[in-house]
Amino acid sequence: MIKRPTYQNMVQRIGTASLLLAFFLPASAQAATSEWMTSTGGMIRIVAAPLQKDGTIPATLEVKLNPGWKTYWREPGASGIPPQITLDPAEGVVLEKIGFPVPKTFDDGVVRYVGYDKSVAFPLTLKRLHGKGDVKIRASVFLGICEDICIPVQGELNLTLKHDDFDNPLDAARIDGAVAALPEPPSEDFKVTTAVYDEHKAAVRLSLKLPPDTGKEHRELFLAGASGVSFGKPAITQAEGAELKAEIPVRLSGKDKTLKGKPVILTVRAGGRSMETTLAFD
């Protein structure tokens, strides 16, 4: 666990670091991958499969971290920047979805945040809307990595998929592995049974059915909401057998201070399995 002297000092250091965006430098490349972009904390690239008949392009954003460095989940918590990808619309390719493997919680008693302390691959669903022949992907990437401070990093990744190229099995295996690492959808033995938003208490109360034989020490909940919605540390109020109950503080900002009608993504880790679902509150 990395120690930070004080919350105030950390904020000051983040502010200083944010003025010095780390722009990546290109390294070597392979077929069906972009060039690696390197920074102090690691390397990043895009790996893509050939264009599918329906216009989709399976891909991943690979983040290779140096030892001791971390990067962030879709909702990083008190500090951090989640991965953000913007595609050049002139190339006719759009980003439809980015997937997130189940993360970890880091809490040193001063700051709590959510992310990854090992190299990670984020599955991407790209789609070609127009154009023929070779597929060109030009992606602007912005994310945060940290060792003892959060450093914003930014760069551009370029990739061309030749229409007559063969499918590289190693690249396909990387993409398949990244998709397999995603949380599973709800199932009969792993699902949310009740979800209630207490507006007066500003908290979400959840009841879940967990897979049998999951140890109590390996249970974590992660929530992510729309802009203006954030969540505090989940408090597990009951953990008996395959049932779990939890209460999560909700923080609302902006003019529309309500959770009603706003989707909330819930990711749950229980033993060696993880599940993800979207909650909606009336």
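The values are calculated or read from the model by the stated rules, or taken from the named source; none is laboratory data. On a predicted model such as this, the values are computed, not experimentally measured, just so you know. Ideal geometry is used to build each Cβ from the backbone, glycine not excepted, and the neighbour counts take in all protein chains shown. These area figures cover heavy atoms from the full protein model, side chains too; ligands, DNA and RNA do not enter into them. Shrake-Rupley method; radii C 1.70, N 1.55, O 1.52, S 1.80 Å.
State in Å² the accessible area per residue of the chain; use a 1.4 Å probe, count heavy atoms of protein chains only, and round to the nearest integer.
Here the residues of the chain average 51 Å² of exposed surface.
Once you have all Cα-Cα distances for region 79-140, histogram them in 10 Å bins from zero and send the whole-percent values.
18, 38, 24, 15, 5, 1
Calculate how steeply helix 7-18 sits against the longest principal axis of the alpha-carbon atoms of the chain, using the helix alpha-carbon long axis, and give the answer as 0 to 90 degrees to the nearest 10.
20 degrees
Can you order the peptides 33-41, 92-100, 127-135 by their average number of other Cβ atoms within 10 Å per residue, highest first? Numbers along the way, then the final one.
Details: 33-41: 19.8, 92-100: 17.3, 127-135: 13.1.
So the order, starting with the most tightly packed, is 33-41, 92-100, 127-135.
Top to bottom by accessible area (1.4 Å), largest first, where do His218, His163 land?
His163, His218
Helix 169-180 sits at what angle to the longest principal axis of the chain, using alpha carbons and giving 0 to 90 degrees rounded to 10?
With both axes taken from Cα atoms, the answer is about 20 degrees.
Which value, in Å² rounded to 10, gives the accessible area of Leu279 with a 1.4 Å probe and all protein chains present?
Surface open to solvent at Leu279 totals about 10 Å².
Which entries of Lys97/Lys118; Lys70/Lys136; Lys118/Lys262; Lys64/Lys97; Lys209/Lys233 show an alpha-carbon separation above 25 angstrom in the structure shown?
Lys70/Lys136; Lys118/Lys262
Filter the GluC sites (Glu not before Pro) in region 97-196 to those in DSSP coil with at most 11 other Cβ atoms within 10 Å of their Cβ, and list the result.
For GluC sites (Glu not before Pro) across region 97-196 that sit outside H, G, I, E and B with at most 11 neighbouring Cβ atoms in 10 Å, the list reads Glu188.
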